[in-house]
Structure formats: structure tokens, C-alpha cells
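Following: one structure in C-alpha cells, then a few remarks.
The values are calculated or read from the model by the stated rules, or taken from the named source; none is laboratory data. Remember, it's a predicted structure, so these values are computed and weren't measured experimentally. Using ideal geometry, Cβ is built from the backbone for each residue, glycine included, and neighbour counts are taken over all protein chains shown.
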Amino acid sequence: MDILSLFVVIPVLTITAILLLKDTRQVRLVSAFGMGLQLLMAAVLVYLYLSARHAGNIDEMLFVKDYLWFKSLNIHYAVGVDGISVAMISLTSLVVFAGIFASWEVEILKKEFFISLILLATGVFGFFISIDLFTMFLFYELAVIPMYLLIGIWGSGPKEYSAMKLTLMLMGGSALLLVGLLGIYFNSSPDKNQLTFNILEISKVVIPLPAQRMFFPLTFMGFGVLGALFPFHTWSPDGHASAPTAVSMLHAGVLMKLGGYGAFRVAIFLMPEAAHELSWIFIILTSISVIYGAFGAIAQKDLKYINAYSSVSHCGLVLFAVLMMNQTAMTGAIIQMISHGLMTALFFGLIGMIYGRTHTRMISEMGGLMKVIPFLSVCYVIAGLASLGLPGLSGFVAEMTIFVGAFQHPELFYRIVTIIVVSSIVITAVYILRVIAILLLGPTTNEHFEHLPDAKWFEKISVITLIGSVAAIGLAPFWLSTMIGTSMHPIIERILALNPF
Amino acid sequence: MNSGIPIQYFLILATLMFFTGVYGFLTRRNLITILMSVELILNSVNINFLAFNRYLYPHKLEGMFFSLFIIAVAAAEAAVAIAIIINIYRRFATINVEEVNEMKY
Amino acid sequence: MVSNQIMFILFSAMIIVFSILTVTSRKILRAAVYLLFVLVSTSGLYFMLNYQFLAAVQLTLYAGGIVVLIIFSILLTSHISQNFESSGWKKNIFSAIAALTGAILAIITILEYGFTASTEAAQLVDMRLIGKSLLSVDYDGYVLPFEVISILLLAAMVAAIVIAKKGAPKKIVLPKLNQE
Amino acid sequence: MINFSYTIWIPLLPFLMFLLLGLAGHKLKPKLSGLLGTGGLGLITILSYITAYRYFFTSEKVNGAYQKIIASNFTWLQFTDKLHIDMGVLLDPISVMMLVVITTVSFMVHIYSLGYMKGEKGFERFFAFLSLFSFSMLGLVLATNIFQMYIFWELVGVSSFLLIGFYYQKPSAVRASKKAFIVTRFADLGFLIGILILSFNTKTFDFITLTDPMGTAIAQGGGIAFLGLSVMTWSMIFVFMGGVGKSAMFPFHIWLPDAMEGPTPVSALIHAATMVVAGVYLVARMFPIYALSAPVALNVVAYVGAFSSLFAAVIACTQTDIKRVLAYSTMSQIGYMMLALGVSGYGGHEGLGYMASMFHLFTHAMFKALLFLGAGAIIHAVHSNYMTEMGGLRKYLPITHITFLIACLTIAGIPPLSGFFSKDEILAAAFHSNKILFAVEYAVAGLTAFYMFRLYFSVFWGKDTHYSHEPHEAPATMTIPLIILAVGSVVTGFIPFNKLVTSDGKIFESELELMIAIPSVLIGLLGIGIAYVMYRKESAIPDKLAATFKYSYKWAYNKFYMDELYLFITKKIIFRYIAEPVAWFDRHVVDATMNAIATVTQGVSYRIRGFQSGQLQKYAVVFITGAIMLSILFIYLWK
């Protein structure tokens, strides 16, 4: 058994164990144990990866395993990681771990809830380790489907509507994506050799330009739907608002990253020519996402809606940076994914905890919580500061890397767009501070809130895990940046070789 | 035994029988008569098979065996269909095909 | 060979006439009887084509089995003297047009296609050969379809029993059942 | 080469203190955490003094110029091969000078706060924030590259936010902190864009490379033109925008008066002595580029500074909240410094303005901190911010009175106090460069003397107000810093800045120009005289004057309606006309389109479900018709 497949096997084993349990209270312990193990594995993986790199292994992908699956279509179960995937895997295990603790007190159908949650995580892990397009797509779908159940059953508000909307829109994206992937597959061998789904092999050939022009937009949009690309982002506010806490955390924190990661790993990496040619269209769309999402967040009244729009804005930045197609911006995109994943998970976790106490998410109905629940409030402030890009927390590192990288683009148009996008940092500050001021500061408005209990131990675990990671990246970004940056080389070389700027 | 009768005759006969069956299938309302129309259709097919076998490939047996199996299948089908019809009658107190339309949108 | 042709014309005329009567008769029991005539005539054709075994099977299975089954079910479900209300003339005409078009199309196709009769010697189809072929696993053997059809028959038998068994599917309550 | 590597601990120590107090503060006794914070700061104050001594007096000079020393440096974040953010310590005359300023004032404020904040809820939180601020401010001035500066620039912004909003249950404080953060954030946007443009063109963030007068960065200054200005000019204007925001220059000054909602020691430390001069420091840090490569940007600096100082001085004359008077006074004085930089040239005597600006920054830190701390002592005693509710306090607060008087005299530019020297240098620099700016500053000097003594007289003299409870002198923890700072205000004027802090690090000769010094003292005295007449005793003159110049007074009293204008822009335009329409658009157009797709799909399926009628024979008709059609198609049409 290779180490990467363990990332799929452990969740599956956890699910099996949960299935066998009779006592529902043990379910969460088993889940926490399983995901704790997963977190540990992620740490081991980081260590193994770094030591392998340190030992001079310069393969593009490490720990590669390849099993033939369907011979006739040449589908393989192929796994392998580079620094980017390792980073994303670490992110996922952190968020899932925190998510388990954030949903410690799920009331109904505990067993089924944790099974769906872990199934979702399985899909995400599988997606990040796959280097075969088909396997990747399979895991992608595996990650999307449990979402429907999680929102539809354990959600709140108009949950059926939201679940349906989210699933249908993501499925629409999947459809585009599938066409795109098949397009890549059927063009994966211009010399009429064996067609292949393997990313590494495809990256060695040049897909014919007409095919790229056709399939790049499909692939990018397919992933873009999940990455909340304007105008396909509207599932995000409704979906996040209705989803239970842990699901919001996982969804905004990890699942939306599949979009960015896929856009980067598949769309840009395999079809750089078309990406270069068509990037201006998507640059415009993503900058609209960034600015528009931020403005949208200002006018919202529901905490989760605010964060959903903020996610649209931040994820837009990811896609924006990916499209800039240079090393710095792309590194920034990956860091932004990780950073946003952590802090948005933190946000949604905290919102869930606050909602669990006040039973409202309308900011106008709350006020002065800082005095009542200082721990959660302080954490909320920290999350807010991370989100608006305070140095010392992860958001700053990511945004600055993106901005500096994007501004190195040789064409004036891209630099001007970058300046427009940079202005989002002010708008972000406006909506973050608006929420903090109304929600946490000021006098306590409602006497029912006077005696709310502060965070319990499992909530603290969840929150501290995330804050610790956010601060760790923010204070010492160099190792992450280097780990991602070195993995970026093959991609950059490929882009540079084909598009001499 | 069949000299002087071109294969086309058999085929045309089968065709006429077939489309009579189709006509019955489309116009009859009673489920049992519909079943009878189906039997007509099956029989016409059998005639075709046998004619082809006899005229075009007299040294083979495929057509004959196919007809044999069709008869077997027809028997099975008739048994099941009649079981269903009886059941439907029990339920709906009718076997009028236009009134048995529960399986819709 | 005129007798041949006469026989053929006789059988075909019977088949066509009784077929039409089967699908147009207003009395259901009569329709069943017309069907019986059709089936019998068909078996006559089989004799003409020299497939005696099949003709026999046709007589016993169809005429003897299925038609009886049908008549039983008619007795179970219908009043014998009951006349059908004829279906709407629109439907009739439309169906007739469809059937005629199809028939004409098929006949034209048949006539246009030049069949060339094989000159090879006809194989004598006797019972021994049929039995051997059915159970043979050789190149010309039919053991696989034979087995398949056996299983199908078994399944059909079980299905017929299960479906027709009284009282089993009480659980499903359809809305229209209330008047029962 | 002298080893300066220990200087890394100067910013690091407060950071550790912040972590300690922030994470474990609520477990410690408040007093202990206060003492810990103060002790830590005392330690780095000593370290700074040692550093200053060693840097100015023992480090070797090359060609008579102070060298820029990188005491420690490591790569914090690598962007590209050439662009990377380093974290390090850069020692040069201005950063060492700022070290002294910051640690001194911060130390004084710490001691003062031990008394002032005693018994407040969140005492340890206050010290944690103060430590955070000290860390950020020290990191800012010691930055080796412009991006490090930006990082700490943001951090001081957030410390300021946290400290202004220290009384988080007071809605006005919350509003003020939010406003301060957002306004400066907007300005920082300019800074960031400036950095991006600058780094794109020069491929470096490093100060030493950037500001090398012979370096490529300055040499290639011309560049591509946009609206008639070079790229370098644009980037420097953008960078200056950050300075404008942080230093509360017009038009981003509106946050500063509101920031007075924070505790008074915070106002003294952040909003008078250290953070608000960061903008000046920024321009000084980038000065070679401004002077040699972007003279237009330097002119912008000068005019913004001059206008702000006049604008603020006029408003200061009408305010009644003492802290707001001081806030506008701060803004006015920083305008002075900006102006001095703006009129300065590079190198030698040309750089007089630069030296004067730094000099004024230094002295201003002392006397303005003193003024704020004095105001804090007054507020502590009277429990009010409004000078209309004060009067005759000299009897109750003798120490505060004396120190406050010294500070007022200093700011009014009365010799031989420090303000006189620094202000004189600025006026001299302006006089030699631009007569209009000189005239403005000359008027401002008079106004300054007037409004400061208006404040002084109405608080300590004026009417005998009856207080609900006897005001009493502040405790020793508060008065000792007052005395120390008063001494500082008196003596710092004699520091020979022209030998220490100059634009190119070289010494130049400057002497008091009596031609300018005497009129400036005279106008200061004139201002004091008018204030004496109007406010020494209760008199009707001010009201009469206000009535005479009704409209102008009203405008000035309402700060020329700048707040209202901003409010209009933010609330009405941004919120009502951008954010809400965007939200509406998202819900009712984008999302509605998606829903419409769903609805259309659903509608179509409702229509076509009729095919699934349950009528067996209909299916058969369709099937047979279709089969016939297909046969016709394949047999006859598809040849």
C-alpha cells in the first residue's frame, strides 16, 4: 500500500467503522480519530515529501503509483503528488479535522452525517492525489454528491432549494468539465498513439491549438463553476447559507479549492496556448468576481451571506492569479487557496458557533458579543483581520504574492486590471470591519445574550487548529512559498517554452 | 412441396399479417385482444423466418430454431401477460387499455 | 404443382381473412376463435414448408395452449356476449393508414429486392436432428439458446404465479382503487 | 565595523511581550502585566540609546557620510528572483533617530498608562496592544525594504485600530476605530499600488538599492509617460498617498480627530508622536527618489503639507474638545514637516528642509506627547474633554500646568525651546525655496501660537469653573513622564541635527537666520497676545468675533464639512449606489438568470410530459410511425 492511497483508504475505513457502530455517540469519536489520523498522515506526507526533495529527487511528481483500471480506454488509477498537492492535502486534512469538531453536536442522524462528511473528504483527498484525469473526475463527483445530502438533510432555512441549486449548478459545471476532459483525452496523442488520461503524459505533448481553443474554455468554466467564477457563483451564497457548519467549512474551505486547483492543474497546465490566448476573457470575469463579490458582501445582512460573497471575491482572486500565468502569481494562487481555505473555514466555524448560541445570523439582531463571548469574538476578529489581509496572517502573504506576481505581467492591460483588483483590499476592509463593529463591538443589545456560554473544548480545538495554521503561514510563509514555488517549475517551464513573453 | 410459390408470396403474406396485427394493436381497447394482435405479429415473423430458411439457406436450421424459440417465448409471454391482465382486472375492474394509464408522469 | 399453389392460396386467404376478423370482431370470444383459425392455417403453411415438427408445435402450443389460455382469461375478465364499443373512427383511420403505409412500404421493398433461391440441397428436418442440434455443443449446436429459453420459461412461470397470486401486492394503494 | 546585530531584539522584544500578554495576559495580575510591558519597553529604550550613541559617535563614516548599515536581514518571502520581502534591520540616521523617538515616547506612555489606565477593565489587553504597536512601529522604521515597511505600516494601522477601539463598548469609539482603519486602508491602497509600479520598474524593493543616488532605480526615473508625468513620478505620488493617509494630511485627515476616542496615552503615542509621522518618515526614506527622480511628486508633497497645515490650524482655532484641538494641531505640525521635505533639495545645504523636517519630527514628538499626556492628566482630573467646562485649573494641577505651559511655548516657537529651532529651520528652508509656501507657514505659525494659548488660557486660567468634585493632581506615574518630556522639549532644540541627520548623511553647516527667526518669534508672540486678550479672562470678544464671521466660523467649526462629505460618499454613493445595487443585481439578475434556466427547464418538462400519457396505444402509434419514418428515411432518402 502506497502512502498516497492511504489518504483514500483511511476515510473509507473510517466510514466502514462508523457503519458498524451501534452507539451513535462513539461515531464522532471514531470520526475524530480517523480524521486525526489523516491529519497525522498529512504531516508525515509533508515530511516525506520535503525529505525526498531535499535528497535531490527532482521528479515532477513523487510517490507515483499507477494501476491500470480500464484497459480499453486506458484509464488508470494513477496517483502522485507535488508540492502543490501536498499543500492542498494538508489544508484539507486540517479543515476536515476542524470540521469534525465543529459538528460535534449534530442532533439528528449522526451516523449518516459523519459518513457523508467523510465521504466528501474522501473525494477531495482523492482529487488532490490523482494524476489521471478520469480518476480525478471520479473523485470530483464523489466530493460533490454528498453535498446534496448534507445540505438537504442537515441544513437550515430553504435547504432543499439551496441543495438542489448547488447540486444542479455544480453538475452543470461537471458536464462542461467532462466534455473538456474528454476533449483533452481524444487529443492527448496527436501522433495517433495510445490515447491517455495521464496528466504527466499529456503535458509532454502539445494538444492541437484548435482543440485547445475549444476545450480550454469548457474545462476552465467547468472548474470555474466550483471556483465561484462570475456569473456562475450564485450557488455559493444560498448553498453556504443553508449548509450546516461543518459543511460550509468544508465546502468553502476545501471544495471550492478543487475549482482553482483543477483550473490550474488541468486547464492551464495542459492547454497553456489557449490559456494564454483566451486569458483576457477570464481575467475580466475573475476581476468582476473579485470586486463584485466584495461589493456584494457589503450590502448583506446575513453573516453567512457575507462570507459567501467574500468567498466569491477571494476565490475569484485565485482564478485571477492562475490566469496570470507566471510563477509568482500562481504560487500566490495556491497560497491564497490554502489561506482562504483555512480562514473561511474558521469564519464559517465561528459563525456556526455564534449561531448555535444566538439562534440568529442577522447581524442587525446581534451586537456587543465581545463582552459576552470573548473567546469566539476575538477569534472572529482574527479571522476578519486575516481575511482583510493583515500582515502576520496568511491572507496578506497570499494576496501580496498574487498582486506582485500579477503586476509582473508584461502587458499593460493585465497590470491595469491588477490595479483594479488590488482595490478590493479596501472593500474587504469595509465589509469585515462593518461586521465586526456591528456584531462584536458596542454595547450588548439584547439581554438574552448576556449569559451566553463561551466556547466549549471541542469548539476551541476546532478554532485553535485553524488559527494556528493561519498564523503559522502568515508569520513564516517562506517554507510554504518555497515548497509550492519549486513544484511550479515544470509548469512554468512549459508555459515559458510555449509562450515566450 | 413449395415449388412454384416464390418466396415473395410468403413474405407478402407475413407482411400483411404483421400489419393486420399492428392495426389491431393500435385500435383494440381490450388488453386480451391486444395480446391476440401481438400473437399475430409473432406468427408473421415466424413465417418469415421459416420462408427465409427454406428458400435461402435450406441446409441450415437457424430459422427453424428461431421460430421454435419464438414460440416458446410467445408462450411464456402469453402466460405472464395473462397473469398481468388478470391482476389488472382485479385491481381496476377493467381491462380497457385506455383506462389503465397509471404509469404516467 | 398447381395443388401446391392452391393450398398456399387457401391458407393465405384464411390467414388474412381471419387475421382481419380477429382484429376487427366486436365480440371477444369470436376474436379468439378467429385467432385459432389463423394459427391453424399458419401451421398448414409450416407443413407446406416441410417443417412438420414446427407445425406440430404450432398446433399444440399455440392452438392448444395459448388460445386456451386466452379464452380462459376472457372468461375470467369479460362478459362473453358483451360487444365492444368500437374505438373512435379517427383512431381507426389513423391506425389503418399507418398499417397500410407500413405494409405497402414493406411489400415494395420485398418486391424490389431480388431474392435468389439457394440451390443447395435441402436438409431433411427430422426429429432426431432437431433433438441432437438442440443439445449439441458443437458449432451447429443450440444448447445455449436452449438453456436460456429454459430459464426464461421457468422465470415466466414463476412470474406468472407471483403476479397472479391473490392478495400479495395489497400494500400499494393506488388512489384510483378507492371505489373498489 | 561595529556589530549591530543585537538590534534585531529591539522590535522583537515588544513582539514577544505582545504574545505573552495577549495569550496569557488574562491569567496574570493586571499590575504584573503592566509592569512586564513597561519593563520590556524600558529595556529596548536603553538598547536604542546605546544604538544611537554607537551609530552616531563611534561608527565610522565614509567620505564624511553616515553609512546605511544592514544589521540583520533574512528573506521572508520570495516572489521572484529579484523581488523578495526581507525582514531585517536597517540603521541609518533617520531610523536611528526614530528609534530614539519611538522608544522614548513609548516608554513614557507606558509609565504614564500605569497610572492613567489603573483599574480599567482590559488593563493587560491595553499593554498587549501597546506592545504590538511598539513592535510594529519599530519594525516600520527599521525596515530594510519598502515591502517590509508596508507590512509594518499595515500592522501599525491595525494596532491603531485596536487601540482607538479600546473602549469597544462605546459606539463612538467603535465608529472612530473603523473610520481610522478604513481611511488609512484606502490610502494604503495607494501605497501598495505605488510599490507595485515602483517594483515593476526597478525590480527591487530594497531601500538601499532604490535610494542610491547613483543607482539604476533613480537613473531610469524618466520612463514611460502617463498624463505628462513619468512612471516614477506616478509611483511616488501613489506611495505618498499612503503617507497622506497615515499622517492625516488633507484629504485623508478625517480619521485623526475621531481617533481621539481612544485612551489619551494612545493618542499621545500613536496619534501625535509616532505613527502619524510615519508618512513623513516614508517620504524621508524615499527622499532621494523624490528629490532626484520625481520632483513633481515632491512638489505635491510640499503643497499637500502646506495646505494641510493651514487647513488644520484654522479648524483648531474653533474646536472646543481639547484633544481635538491637539489633533488638528498635530495635523498642522505634520503639514509643516511635509512641507519642509517638499521644499528640500538633496545633499548639502540644499537638504536643509530635510534636516529641518526630521528635526521638527523629533522635537514635535516630545512636545506633542507632552501636550497629550498633559491633556490626559487634565481629563483624568476633570472627567471631561471640553474646555468650555474647564477653567482655572492652574490651582489644582500645578505640575501639569507648568509642563503644559512649556509645551505650549515650545509649539509656539518661543526661544530657546526646541520648537523654536526646528520651526525656524523649516521656515528658512521654505523661504529659500518658495515664497508662497513660506507665507502660508508664517501665518500658520501665528495661528498655532493663538490656538495653543487659547487652549492653555481657557483651561488653566479663564473663568473659575465650579467642579462637582475637586480636581486633583495626577499620581507620580503620570507626572514623572510629563516632567521628563518637558525637559526633553526644552533641551532637544540644542541637538545639532545638521551634524547628525541630513539628506545625504553628510554634515553641512547651518546657522540661525535672524532674518527669519525674529519675525517668526514675533508672530508667535502676537498669537499669544491675542489669545491672552481673548481668553485670559472670561470675555465676550470670542463670541463677538464668531458672530461677526458667522459663516466662516461655522464652516471652520464644522471642519469644513469634510466629515459630511465623506459620509455622503461612503453611505450614499458606495453603500446605497454601489453595494446595494450590486447585491440586488446579484439576486435579481445573475441569480434570477440561473433560476430562470431552471424554471424554463422545468416548464419544458411539464409541457413534454404529456407524451408520457400512460396510454399504451399512443406510445405504439408513435413507435410505429417513427419506425416507418425511419424506414422511409433509410431506404429511400438516405441513398
- Consider D:ILE406 against the criteria (1) touching an Asp or Glu at 6+ places or on another chain (Cβ under 9 Å); (2) under 22 Å from D:LEU485 (Cα atoms): it satisfies all of them except one. Which criterion is unmet? (1)
- Is it the case that the range A:414-436 has a residue that's more than 12 Å from chain D (Cβ to nearest Cβ), aliphatic (A, V, I, L, M), farther than 27 Å from D:LEU155 by Cα and surrounded by fewer than 24 Cβ atoms within 10 Å (Cβ to Cβ)? no
- Task: Would you please name the residue that is modelled with the lowest pLDDT, looking only at residues in the range A:381-396 that are facing another protein chain (nearest Cβ under 7 Å) and closer than 18 Å to D:SER177 by Cα?
- Result: A:LEU390
- Residue count for the range A:204-232, restricted to those that are surrounded by fewer than 19 Cβ atoms within 10 Å (Cβ to Cβ) and within 28 Å of the chain's Cα centre (by Cα): 4
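Does the range D:606-616 contain any residue that is in a helix (DSSP H, G or I), surrounded by 13 or more Cβ atoms within 10 Å (Cβ to Cβ) and not hydroxyl-bearing (Ser, Thr, Tyr)?
Kept after step one, since they are in a helix (DSSP H, G or I), are these residues of the range D:606-616: D:606-611, D:616.
When the remaining residues are screened for being surrounded by 13 or more Cβ atoms within 10 Å (Cβ to Cβ), the result is D:616.
Now drop any that are not not hydroxyl-bearing (Ser, Thr, Tyr), which leaves D:616.
Yes: one or more hits.
Here are some residues: C:ALA155, C:ALA159. Which one is modelled with pLDDT of 85 or more, closer than 20 Å to B:ARG90 by Cβ and at the interface with another protein chain (Cβ under 10 Å from one of its Cβ atoms)?
Numbers: C:ALA155 fails: closer than 20 Å to B:ARG90 by Cβ.
Going through C:ALA155, C:ALA159 in turn, the sole match is C:ALA159.
Quick check on this structure: which one of D:LEU155, D:LEU196 is facing chain A (nearest Cβ under 10 Å), under 14 Å from the mean Cα position of the chain (by Cα) and surrounded by fewer than 23 Cβ atoms within 10 Å (Cβ to Cβ)?
Sole residue among the options that is facing chain A (nearest Cβ under 10 Å), under 14 Å from the mean Cα position of the chain (by Cα) and surrounded by fewer than 23 Cβ atoms within 10 Å (Cβ to Cβ): D:LEU155.
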- Message: Looking at the range D:55-81 only, could you name the residues that are touching a Pro at 6+ places or on another chain (Cβ under 9 Å) and of a type in the set (A, V, I, L, M)?
- Response: D:LEU77
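Just a yes or no: is a residue in the range A:489-499 under 26 Å from D:PHE166 (Cα atoms) and in a helix (DSSP H, G or I)? I'd like the intermediate steps shown before the answer.
Of the range A:489-499, the ones under 26 Å from D:PHE166 (Cα atoms) are none.
No, the conditions are met nowhere in the range A:489-499.
Picking from A:PRO410, A:PRO443, A:PRO391, which residue would you name as being outside any helix (DSSP H, G or I) and under 17 Å from A:MET343 (Cβ atoms)?
On the way: A:PRO410 fails: under 17 Å from A:MET343 (Cβ atoms); A:PRO443 fails: under 17 Å from A:MET343 (Cβ atoms).
Exactly one of A:PRO410, A:PRO443, A:PRO391 is outside any helix (DSSP H, G or I) and under 17 Å from A:MET343 (Cβ atoms), namely A:PRO391.
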- Message: I'm trying to understand the selection: among the residues of the range C:11-42, which are of a type in the set (Ser, Thr, Tyr) and either at positive phi or more than 7 Å from chain B (Cβ to nearest Cβ) (or both)?
- Response: C:THR24, C:SER25, C:TYR34, C:SER41
- Item | One residue from A:PHE403, A:PHE449 being more than 10 Å from chain D (Cβ to nearest Cβ) and either surrounded by fewer than 22 Cβ atoms within 10 Å (Cβ to Cβ) or closer than 30 Å to A:PHE269 by Cβ (or both) | A:PHE449
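Say whether the condition of being among the aromatic types (Phe, Trp, Tyr) and at the interface with another protein chain (Cβ under 10 Å from one of its Cβ atoms) is met by at least one residue in the range C:138-149.
Of the range C:138-149, the ones among the aromatic types (Phe, Trp, Tyr) are C:139, C:142, C:146.
If we keep only those that are at the interface with another protein chain (Cβ under 10 Å from one of its Cβ atoms) as well, we get C:142, C:146.
Yes.
Examine the range D:135-142 for a residue that is in contact with a Phe, Trp or Tyr (Cβ under 6 Å, 6 or more places away or on another chain) and either outside any helix (DSSP H, G or I) or facing chain A (nearest Cβ under 8 Å) (or both), and state whether such a residue exists. Show your work before the answer.
Filtering the range D:135-142 for residues in contact with a Phe, Trp or Tyr (Cβ under 6 Å, 6 or more places away or on another chain) gives D:135-136, D:139-140.
So of that shortlist, the ones also either outside any helix (DSSP H, G or I) or facing chain A (nearest Cβ under 8 Å) (or both) come out as none.
There is no residue in the range D:135-142 that is in contact with a Phe, Trp or Tyr (Cβ under 6 Å, 6 or more places away or on another chain) and either outside any helix (DSSP H, G or I) or facing chain A (nearest Cβ under 8 Å) (or both).
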- Hey, among D:ALA531, D:ALA547, D:ALA517, which residue is in contact with a Lys or Arg (Cβ under 6 Å, 6 or more places away or on another chain) and assigned to a helix (DSSP H, G or I)? D:ALA531
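Among the residues of the range D:105-127, is any touching a strand residue (DSSP E or B) at 6+ places or on another chain (Cβ under 9 Å), closer than 23 Å to D:THR45 by Cβ and either among the aliphatic types (A, V, I, L, M) or within 11 Å of chain A (Cβ to nearest Cβ) (or both)?
So far as the range D:105-127 goes, no, none of its residues is touching a strand residue (DSSP E or B) at 6+ places or on another chain (Cβ under 9 Å), closer than 23 Å to D:THR45 by Cβ and either among the aliphatic types (A, V, I, L, M) or within 11 Å of chain A (Cβ to nearest Cβ) (or both).
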- Message: As an exercise: evaluate B:GLY63 against (1) facing another protein chain (nearest Cβ under 7 Å); (2) within 18 Å of C:TYR46 (Cα to Cα); (3) in a helix (DSSP H, G or I) and give the number of the one condition it does not meet.
- Response: (1)
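Being over 26 Å from C:ASP140 (Cα atoms), in contact with a Leu (Cβ under 7 Å, 6 or more places away or on another chain) and charged (D, E, K, R) is true for just one of B:GLU98, B:GLU102, B:GLU77. Which residue is that? Don't jump to the end; show me each part of the working.
Values: B:GLU98 fails: in contact with a Leu (Cβ under 7 Å, 6 or more places away or on another chain); B:GLU77 fails: in contact with a Leu (Cβ under 7 Å, 6 or more places away or on another chain).
Of B:GLU98, B:GLU102, B:GLU77, the one residue that is over 26 Å from C:ASP140 (Cα atoms), in contact with a Leu (Cβ under 7 Å, 6 or more places away or on another chain) and charged (D, E, K, R) is B:GLU102.
Quick check on this structure: which one of B:ASN53, B:ASN30 is more than 14 Å from chain D (Cβ to nearest Cβ) and among the polar types (S, T, N, Q)? Spell out how you get there, then give the answer.
Details: B:ASN30 fails: more than 14 Å from chain D (Cβ to nearest Cβ).
None of the other options fit; the residue is B:ASN53.
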- Message: Taking the conditions exactly as written (out of contact with any His (no Cβ under 6 Å at 6 or more places or on another chain), within 17 Å of A:ALA267 (Cβ to Cβ) and at pLDDT 90 or above), does A:VAL179 satisfy them or not?
- Response: yes
- Residue list for the range D:78-97, filter: touching a residue at least 40 places away in the same chain (Cβ under 8 Å) and in a strand (DSSP E or B): D:HIS84, D:ILE85, D:ASP86, D:MET87, D:GLY88, D:VAL89, D:LEU90, D:LEU91
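Examine the range B:75-83 for a residue that is out of contact with any Lys or Arg (no Cβ under 6 Å at 6 or more places or on another chain), closer than 27 Å to C:ILE71 by Cβ and within 14 Å of chain D (Cβ to nearest Cβ), and state whether such a residue exists. Can you show your working first?
Restricting attention to the range B:75-83, the residues satisfying the condition of being out of contact with any Lys or Arg (no Cβ under 6 Å at 6 or more places or on another chain) are B:75-83.
Still in the list and also closer than 27 Å to C:ILE71 by Cβ: B:75-83.
In the following step, the residues that additionally are within 14 Å of chain D (Cβ to nearest Cβ) were identified as B:81.
Yes.
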- Over the range B:33-49, the set of residues within 7 Å of another protein chain (Cβ to nearest Cβ) and free of Cβ contacts under 8 Å to residues at least 24 places away in the same chain is B:THR33, B:MET36, B:SER37, B:LEU40
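Among residues belonging to the range D:69-127 that are of a type in the set (Lys, Arg) and over 30 Å from A:GLN408 (Cβ atoms), point out the one that is modelled with the highest pLDDT. Don't jump to the end; show me each part of the working.
Step one: list which residues in the range D:69-127 are of a type in the set (Lys, Arg), which gives D:82, D:118, D:121, D:125.
After this cut, where a residue has to be over 30 Å from A:GLN408 (Cβ atoms) as well, the list is D:118, D:121, D:125.
Values: D:LYS118: 80, D:LYS121: 80, D:ARG125: 85.
The qualifying residue modelled with the highest pLDDT is D:ARG125.
Would you call B:ILE88 more than 8 Å from chain C (Cβ to nearest Cβ), under 13 Å from the mean Cα position of the chain (by Cα) and surrounded by fewer than 21 Cβ atoms within 10 Å (Cβ to Cβ)? Explain how you work it out, then say what you get.
Working: more than 8 Å from chain C (Cβ to nearest Cβ): yes; under 13 Å from the mean Cα position of the chain (by Cα): no; surrounded by fewer than 21 Cβ atoms within 10 Å (Cβ to Cβ): yes.
Judged against the criteria, B:ILE88 is not a match.
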- Consider D:VAL174 carefully, then state whether it is touching a His at 6+ places or on another chain (Cβ under 9 Å) and assigned to a helix (DSSP H, G or I). no
- Message: If I ask for residues that are more than 7 Å from chain B (Cβ to nearest Cβ), more than 24 Å from the chain's Cα centre (by Cα) and closer than 19 Å to C:TYR51 by Cα, which ones from the range C:108-131 would you list?
- Response: C:THR119, C:LEU124, C:ARG128, C:LEU129
- Got at least one residue in the range D:123-132 being closer than 23 Å to A:PHE375 by Cβ, in a helix (DSSP H, G or I) and among the charged types (D, E, K, R)? yes
- With the checklist (1) in a helix (DSSP H, G or I); (2) under 21 Å from A:SER236 (Cβ atoms) in hand, flag the one item A:TYR185 doesn't pass. (2)
- Determine whether the range A:322-344 contains at least one residue that is more than 14 Å from chain D (Cβ to nearest Cβ), assigned to a helix (DSSP H, G or I), aliphatic (A, V, I, L, M) and under 22 Å from A:LEU440 (Cα atoms). yes
